[in-house]
1. Using the Cβ atoms and a cut-off under 12 Å, what net charge is assigned to the surroundings of Lys120, where Lys and Arg are +1 and Asp and Glu are -1?
2. Roughly how compact is the chain, stated as its Cα Rg over 2.2 N^0.38 Å to two decimals?
3. Take every Cα-Cα distance within region 133-173, group them into 10 Å bins from 0 onward, and report for each bin the whole-number percent of pairs it holds.
4. Just grab the label-to-label distance for Arg27 and Val154, each label 7 Å out from Cα along the Cβ direction, in nm (one decimal).
5. Looking at the chain, how many pairs of lysines come closer than 13 Å at the Cα, when each pair is eight or more places apart or spans two chains?
6. Could you tell me what fraction of 2.2 N^0.38 Å the Cα radius of gyration of region 1-91 comes to, as a two-decimal ratio?
7. Can you list which of the trypsin sites (Lys or Arg not before Pro) found in region 46-134 are DSSP loop residues with at most 13 other C-beta atoms within 10 Å?
8. Taking the Cα-to-Cβ direction at Leu172 and at Glu13 and moving 7 Å from each Cα, how far apart do the two end points lie in nm?
Amino acid sequence: NQIDIILDAGGLELNAAVIGDIPIPRRWLRFTVYGESPNGGGKKIVAQAVAPGRKLYLNSGVYSVVSHFGDVNASAKADLRVEPGQLTTATLYHKAAQVTVKLVSEPGGEAIAETSWIIKTLDGETVYQEKNAFPQTVLDQGEYIRIGKLGSRVFNREFAIVPGLPRDIELLA
């Protein structure tokens, strides 16, 4: 005797890139998947900290997906439909870039050690802080102010993030 069981489930496989199909290193990328709460109380987390390329098996339906690129403010969102018996694959696109900031004594020079960094939005919100000669982070597209502190000296300058390849952002001491 053969018994056919039809499951109302499918799969979801996620990836992300920077606009222009620039790949994102796996270590910078995680996904959160939200589904409808069974009692109609809005969205609930179905899966979090999902690595790119991992297959999730879910009931069929529409899911909201958030791609997190780095730990600061770069995210991309999409609503995706999971069909019964099918694998849905999706790539979400970020408008962001990886950056390395460094305080230098001359353009193209070595990063000065013992520098403390603060990166703020133009409206004054602090989005990143680190004490490191050349910290790496990811920032969403937009305009920012970088502040480098070396002892009692403070250096600052506005800069813009445009989506693209990783880049160094220097601040002259």
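1. Combined, the nearby Lys, Arg, Asp and Glu give -2.
2. Values: Rg = 20.9 Å, N = 173, 2.2 N^0.38 = 15.6 Å.
The value comes to 1.34.
3. With 10 Å bins starting at 0, P(r) equals 24, 56, 18, 2.
4. 3.3 nm
5. On the way: Lys77/Lys95; Lys102/Lys131; Lys102/Lys149; Lys131/Lys149.
So the count works out to 4.
6. 1.21
7. Details: sites: Arg54, Lys55, Lys77, Arg81, Lys95, Lys102, Lys120, Lys131; in loops: Arg54, Lys95.
Passing sites in region 46-134 are Arg54.
8. According to this spin-label approximation, the distance is 5.0 nm.
A short reminder: the numbers here are calculations on the coordinates, not readings from a lab. Not measured: the values here are computed from a predicted model. In this analysis, Cβ positions are derived from the backbone assuming ideal geometry, glycine residues included, and neighbour counts consider all displayed protein chains.
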